[in-house]
Amino acid sequence: MEKVRGFEIVSKYKGAGLGLPKRATKGSAGYDLTAAVDVVVPSVFKSLRDKGNEGTNPMGSSLIPTGVKAYMPENEYLLLANRSSNPMKRQLAVPNGIGVIDSDYYGNEGNEGEIFVQIINYGLEDVTISKGERIAQGIFSRYEVVDEEDHPVDKRIGGFGSSGR
């Protein structure tokens, strides 16, 4: 049977005891993505207090590695969405609301297509995310293109955020 869509562990994390994303129930749309390592997500308010106004960006987000990559047909993408419990229970959010993993992100030269989840902590204290903890969900979705368009560049160059040339 030909593989159409799914997840694989990236080379960097082979043998690290990571599992592939899976749905919690038969009716779940999203595949739970987990942290590949322990990460401390700093509180933006604590950063504001500690850094003052030194010209740094205290509202910075954290990139959490998942250790997995996703493959899918050319006319699909993987939508990354926050877990519904993150804002209420832990004051964690995906800062731009969603993430988009394009089909050509898989296997790219920049990072092999590893999925990173961008998280911001708007709580008052730092939050520790442990390896294997669920941090986001990925939903495979189809998209359509317009009838007439200038042909985009054929090959992606780079990893996270690389299509923004």
Next on the checklist: Please list, in order along the range 25-41, the HN-Hα scalar couplings obtained from phi with the Karplus expression 6.51 cos²θ - 1.76 cosθ + 1.60 (θ = phi - 60°), rounded to whole Hz, x for Gly and Pro.
Outcome noted: 9, 4, x, 6, 7, x, 9, 6, 9, 10, 6, 7, 9, 6, 9, 9, 9
Checklist entry - Under 5 Å between amide H atoms, partner at least 5 residues away or on a different chain: which partners does Ile135 have, H built in plane at 1.01 Å? => result Leu33, Thr34, Ala35
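Quick note: the coordinates plus some simple rules give every number you see, no bench work behind them. Keep in mind that this is a model prediction, so the values were computed, not measured.
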